[in-house]
Amino acid sequence: MLNNKKGIVLIASYIVIAVLTILGAAFVSRSISEMKIAEREKNSIQAFYIAEAGIDYALEELRDGVSSGQHGDDLNDSSGLIVGTYNSVWQRIGATSTWEITSSGFVGDTERRVHVELQPDTFARYLYFTDDEHYHWRWWRIPVWFVTGDALGGPLQTNSHFHVSGDPVFSDPSFHLPVKSEDSYITYMNGGRPINSTASSNPPRDNPDFQEGLRLGESRAPFPSKALDLRTAAVHDGLILTGPTTIVLRDDGSMDVTNPHQGLVNENMALPLNGALFVNGGDLTISGTLNGQLSVGTNRNIVIPDNIIYNNDPRVDPTSTDTLALIAERDTVISMGAPYDLEINASIMALGNSFTVENYWEGPAKGTLTVYGGIIQDERGPVGTFNASTNTKVSGYTKDYQYDTRLMTNPPPFYPTTGDYVIVSWEEE
């Protein structure tokens, strides 16, 4: 009987040992599997970031003017050991203005592949940009102000510093970008005794509303002086005119052109095939309703005598494809006879000087200037005057400038570029 009990105990011990052995083996197997899974996950994450490094390399090559190519390289850790390898290929997509980059990252036997499409970044990315926030008249350098009642909604930047009086509003509801200034201060009117300050307000007199914040001391953005791409495009498949020219845009997709030098008097014609029109040796006067895509430029001034609007308003119909650029290599000027509460739908550039109102100092106040698109200028031009004590408008227009978000990735034809690129699509293959 005792021997039987010993046998039962011995068998039970074997069973326990066998179970423990099986559990131990299962635990070891599970640990090894989990280690392999963790290793694969680590390799996958590393391969993804290495593929992104290949995208960055190709983007730098594009910025340096290398329009196509292929490059592979190893990435090392801090001790010099190779972590993985990338291979990137970049090229233009056909005859479009879009480039593509495909980059593969390899770690061990793990591969991750990323594909992006890019377009040249243009100054149409800004609602408002200036190289200088002063207006130069004869030997005077006159500061130009944002004042109570002014409302700007979109990306803003200056290579100078802003002048603020009262309570203007700066917002960017679509991209949520802060207002940017190269100089590290703002000049506040301070009730008629201007002061410079690094603060975002000067209570109680000056309380601007920077809804997305303010960044001072930003890097300078290079500013162009000529519309070279537009000039070239106008010669090839566009329209180039000589001498003073007047254009009235029509909502049927045509335009009436008057140009005495070329014998044109209200000549109705289609918009240029490639959307490029340039005037040499004369001012360009333009107004009307645009149906289509058009960039107009001149090596002199652009004059705006009346409203310029889109046939299909993108604020009502987001599928609208109407886009307009007004690019002057000197000034863009709203004429004295322009109506009260003027509206301009366009991205406007004054490469040589300013966007301004003719005789802006003459009263009375003319209501609101609504710009839907953008204003980019070398030296900031005044659009009116105000009482520094009360911040009330004396002459010219109050500003309502709102960004057309389509222009970030779909600018008007042949718009001047910043030298950078903007990603329009990203996917992992």
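Odds and ends about this structure:
- Looking across region 314-341, the residues that are in a loop (DSSP other than H, G, I, E, B) and closer than 14 Å to N301 by Cα come down to E329, R330, D331, S335.
So that you can scan it fast, the table gives a plain yes or no per residue for (1) farther than 24 Å from S295 by Cβ; (2) aliphatic (A, V, I, L, M); (3) without any contact (Cβ under 8 Å) to a residue 60 or more places away in the chain; (4) assigned by TED's automatic domain parsing to the domain that holds D132:
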residue: L324; (1), (2), (3), (4): no, yes, no, yes
residue: S335; (1), (2), (3), (4): no, no, yes, yes
residue: W361; (1), (2), (3), (4): yes, no, yes, yes
residue: T368; (1), (2), (3), (4): yes, no, yes, yes
residue: Q402; (1), (2), (3), (4): no, no, no, yes
residue: R406; (1), (2), (3), (4): no, no, no, yes
residue: N410; (1), (2), (3), (4): no, no, no, yes
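- Among the candidates I375, I348, I327, residue that is out of contact with any Phe, Trp or Tyr (no Cβ under 7 Å at 6 or more places or on another chain), of a type in the set (A, V, I, L, M, F, W, C) and at pLDDT 95 or above: I327
Yes/no matrix, rows are residues, columns are (1) farther than 28 Å from G337 by Cα; (2) of a type in the set (F, W, Y); (3) modelled with pLDDT of 95 or more; (4) touching a Ser or Thr at 6+ places or on another chain (Cβ under 7 Å):
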position: A234; (1), (2), (3), (4): yes, no, yes, no
position: G281; (1), (2), (3), (4): no, no, yes, yes
position: S295; (1), (2), (3), (4): no, no, yes, no
position: I308; (1), (2), (3), (4): no, no, yes, yes
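- The condition (being out of contact with any Gly (no Cβ under 8 Å at 6 or more places or on another chain), more than 24 Å from I348 (Cβ to Cβ) and of a type in the set (D, E)) is satisfied by just one residue among D209, D229: D209.
- Scanning region 342-382 for residues that are of a type outside the set (S, T, N, Q) and assigned to a loop (DSSP other than H, G, I, E, B) yields L342, L351, G352, E358, Y360, W361, E362, G363, P364, R380, G381, P382.
To keep it simple, each residue is scored yes or no on (1) surrounded by 16 or more Cβ atoms within 10 Å (Cβ to Cβ); (2) farther than 26 Å from K393 by Cα.
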| residue | (1), (2) |
| --- | --- |
| V114 | yes, yes |
| T122 | yes, yes |
| D132 | yes, no |
| R141 | no, no |
| V164 | yes, no |
| D172 | yes, no |
| G192 | no, no |
| P203 | no, no |
| N207 | no, no |
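- Candidates T385, T392, T368, T356 - the one that is surrounded by fewer than 24 Cβ atoms within 10 Å (Cβ to Cβ) and under 27 Å from P318 (Cα atoms): T368
- The listed residues are R220, R215, and the only one of them that is among the basic types (K, R), surrounded by fewer than 19 Cβ atoms within 10 Å (Cβ to Cβ) and out of contact with any strand residue (DSSP E or B) (no Cβ under 8 Å at 6 or more places or on another chain) turns out to be R220.
- Within region 59-149, strands (runs of 3 or more DSSP E) holding 3 or more residues that are under 30 Å from Y403 (Cα atoms) and touching a residue at least 12 places away in the same chain (Cβ under 8 Å): 99-107, 110-122, 128-132, 134-137
- Unmet criterion (only one of (1) of a type in the set (A, V, I, L, M, F, W, C); (2) within 16 Å of R380 (Cα to Cα); (3) in a loop (DSSP other than H, G, I, E, B)) for L152: (3)
- With a requirement of 3 or more residues that are over 30 Å from V66 (Cβ atoms), the strands (runs of 3 or more DSSP E) lying completely within region 383-429 that satisfy it span 384-386, 393-403.
- Any chance S389 is of a type outside the set (D, E, K, R), touching an Asp or Glu at 6+ places or on another chain (Cβ under 9 Å) and in contact (Cβ under 8 Å) with a residue 24 or more places away in the chain: no
- Single residue of T246, T242 found to be among the β-branched types (V, I, T) and surrounded by fewer than 19 Cβ atoms within 10 Å (Cβ to Cβ): T242
The values are calculated or read from the model by the stated rules, or taken from the named source; none is laboratory data. As the structure is a prediction and not an experimental result, all values here were calculated from the model. Ideal geometry is used to build each Cβ from the backbone, glycine not excepted, and the neighbour counts take in all protein chains shown.
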